[in-house]
Amino acid sequence: MAPLSFRVRFCCLLLLLLLPALKTAGDDPGALHIDLKTAPFYYRAGFDPGELNRVPGPAGGRWRRRERFPPGPLTVRDLEIPGAARRPFLSLRPSPEMEFTFLIPFSVEAGDRAGASTPGLYLAALGDNWAVYLNGRLLREEIHLDGSGAIALHRFLPGIALPLPGELILPGENILALRILGDPSGRHTGFFRGGAFYLGDYAAMLRQDRAPAEAAIGALLLFSALLFFCLYLSRKDEKQHLYYAAFACAFALYQLAETSLAYALIPDTALILRTGRAGLFMSLPLFIFYAESRIRSAEAPEKRIRLHAKLYFSFCLLLAALLFALPLSYEAEISLIWKCAALPLALFTAVYDFALPWAAALALREDGDLSKLEGALMELWESPPGNLLLFSAALLGAAVFDGLTAFVRGGRPFLTAAVCAASIPASALMLARRFVLLLRRLDARDRELAEAGEAAESLKAAAEERERQLEQKVRELSAAHTRIVVTEQQYQALFEEDRDPLAVLDGNLRFKRANPAAIKLYSLENVDIENRSTAIPTLADRLYRGAPDRAILIEQFWNSVYALKLNKAPVELEAFVETPEKRLDCTLRLAYRLSPDSGFEIFARSFIHESSAASAYRLDVSTSKDT
């Protein structure tokens, strides 16, 4: 891949991460704009309707004065109010609910209202139960008490914009009074969020409301959760899709719970707060589950989630359960415990699970055309550890930026939520790149299969050719066998029908086969020469019987046989055979030939001398055969 193409894609990714987080430019607030955070204010415990339209004097008694609001949140527990109980950290003894009054005097010049359409009051946040008065007249009340005077419904709201009747804003001095009820140790009793606190144009306030954008981010997270859950249902062995769906759903709950739209739709804001905090608590362990399963799935599918992540998940689940079980005033302590545990685990995960695998992959990378910096950025783009490391760095930077912004200017975090929303297309890109890699592997496998198919076709053609050759060979062998069988039959017929005595002998001159003339000549009628296990006579046993010099004749006979075996050339010798009728002289011809079963054999043919006795013998044999 060309370096220029990579740079373009990398810059596009950064813009994708940053564009959703860019804050909308503020509209012109109009001619009327009075910043109440810079005005002095008075506060005390208790409430008296008769004190709402006058400024306390220098000797205010119970009243206390501050010159201006801090840039961040200001709650009752941050102020030293006589009689306001402060519950110790993690104390099981709840603080009693109390009532407080805030007076904010401000001046309006006659020219400040020139060009203003409808004036309005904007409060970044106010709680727990409260009421707003301007010059002694009630503007809005969110006080919900039961029969005993205790708070029955919590109504701490962010981003409150109230339209003001024009006749209530007087030239000169005006007094804005706030009646606040709640737990003095609670984090939401008072101005629990930093941010703008001013009088201005009501239409401009509505245009600057970021609730639709924040709700859109939450809806996008919910949509991504549904998408990845469907991916998990299609392939249940890919657990990382399930973990990302759970992470997106948990963070979407936190994001939606932080919007003013949720506070406007759901009456009990304590339920919204608990649900949002529970989603925030569970989002980090679920994201760690997703990251570990995404990175370690190829290395150790049976050990995708490590023990510390499971323990932290159980710990966060316990904190989420405590949010709903304990009173609302304990939410600050539980959130602090979660933050103290989340920071080291997040750093450990970013280093051990993201940075180290990314560095190991970078060390093994071979890119001759890229510099080290370009190779590192390319690895950030292409590898899952690099993607997650990039996301962690962007999320950490957004959290630091939001924290500093909230401390200096007030307001709630928005850049962090935008970065988390940007993780949706980033995860989609990771998934798409994975599919691209799978498609490339499938293409390579298809090419291998195509090559293997061509090789198989070649082997099949060779096998078919070999089979045709074997069939041709079998046909040739079958024809040769048929010829051999025919020849053998012809030979056997000639062998049997020959009038001369013919015999086949083994290496020791024992009879193996004999025609009828030989059987008659050598008196083999009662000898089973086919059965080689019986005692079979030799040719020498049938020669020279009754001769006085038989031993010498037999020795000469064996010498001829030895010469035959040595030279493998036929030999002839004179011999005679004693039959019951008379002695028959003959010329014995011995021939050497190979035998398939015993190595060699000797073919013996006897030519009976022409005499009346021999003629009678051949006639007798012929007659007996014809019969």
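The values are calculated or read from the model by the stated rules, or taken from the named source; none is laboratory data. Since the structure is predicted, the reported quantities are computational estimates derived from the model, not experimental observations. Heads up, the Cβs are rebuilt from the backbone with ideal geometry, glycines too, and the neighbour counts pull from every protein chain shown. Please note that ligands, DNA and RNA were not included when accessible areas were found on the heavy atoms of the full protein model with its side chains. Shrake-Rupley method; radii C 1.70, N 1.55, O 1.52, S 1.80 Å.
Relative contact order for the range 75-232: what is it in percent, counting Cα pairs under 8 Å that are at least 6 residues apart?
Relative contact order comes out at 34 percent.
Computed from phi, the 3J(HN,Hα) profile of the range 99-107 under the Karplus parametrisation 6.51, -1.76, 1.60 (θ = phi - 60°) reads 10, 9, 10, 10, 10, 10, x, 8, 10 Hz, with x in place of Gly and Pro.
Computed over the range 535-601, the alpha-carbon pair-distance distribution with 5 angstrom bins reads 4, 14, 23, 24, 18, 10, 5, 1, each value a whole percent. Full extension of the segment from residue 226 to residue 340, taken as 0.36 nm per residue of separation minus the current Cα-Cα distance, would add 37.9 nm.
The 1.4 Å probe gives accessible areas that order 322, 328, 502, largest first, as 322, 328, 502. The listed peptides 458-468, 257-267, 178-188, ordered by packing as a protection proxy, come out as 178-188, 257-267, 458-468 (highest mean of other Cβ atoms within 10 Å first). Once the C-beta distance of residue 80 and residue 306 is scaled by a Förster radius of 41 Å, the resulting FRET efficiency is 0.30 to the nearest 0.05.
Distant-in-sequence amide contacts of residue 118, defined by a placed amide H-H separation under 5 Å and a gap of 5 or more residues or a different chain, comprise 202, 203. Note on residue 460/residue 530: beta-carbon distance plugged into 1/(1 + (r/R0)^6) with R0 of 60 Å gives a FRET efficiency of 0.75. Our compactness index for the range 465-562, the C-alpha radius of gyration over the empirical 2.2 N^0.38 Å, is 1.59. Between residue 486 and residue 234, what FRET efficiency follows from the Cβ-Cβ distance if R0 is 51 Å, with the result rounded to 0.05? Calculated transfer efficiency: 0.10. In the range 48-158 the Cα-Cα distances spread across 10 Å bins starting at 0 as 9, 34, 39, 14, 3, 1 percent of all pairs. Here the 3J(HN,Hα) profile of the range 133-144, calculated from phi with Karplus coefficients 6.51, -1.76 and 1.60 at θ = phi - 60°, is 10, 10, 6, x, 9, 6, 9, 7, 10, 10, 10, 10 Hz, Gly and Pro shown as x. Distance from the Cα centroid of the range 454-491 to that of the range 194-229 is 87 Å (rounded to whole angstrom).
Would you please classify the overall shape of the range 145-303 from the alpha carbon gyration tensor, given that a ≥ b ≥ c denote the square roots of the eigenvalues, rounded means a/c under 1.5, and beyond that prolate means a/b larger than b/c while oblate covers the rest? Cα axes put the range 145-303 in the prolate bin. Each of 558, 338 has its accessible area taken with a 1.4 Å probe; listed largest first, they run 558, 338. One chain, two ends: residue 475 and residue 264. Fully extended at 0.36 nm per residue, the span grows by 66.3 nm beyond their Cα-Cα distance.
So for each of 138-145, 167-174 I average, over its residues, the number of other beta carbons within 10 Å; can you give me the resulting order with the highest mean first?
Ranked from most to least packed, the peptides come out as 138-145, 167-174.
For the peptides 568-576, 201-209, residues were scored by their other Cβ atoms within 10 Å and the scores averaged per peptide; the highest-first order is 201-209, 568-576. Stretched out straight at 0.36 nm per residue, the stretch from residue 332 to residue 493 would grow longer than its current Cα-Cα span by 46.0 nm. Each residue of the range 601-606 was assigned a 3J(HN,Hα) from its phi angle through the Karplus expression (A = 6.51, B = -1.76, C = 1.60, θ = phi - 60°), giving 8, 10, 9, 10, 10, 10 Hz with x at Gly and Pro. For residue 46, the residues 5 or more places off, or on other chains, whose built amide H falls under 5 Å of its own are 99, 100, 101.
In this simple spin-label approximation, residue 219 and residue 139 carry label points 7 Å from Cα along the Cα→Cβ vector, and these lie 3.0 nm apart.
Close amide H contacts of residue 145 (hydrogens built in the peptide plane, cut-off under 5 Å, sequence separation of 5 or more or a different chain): 152.
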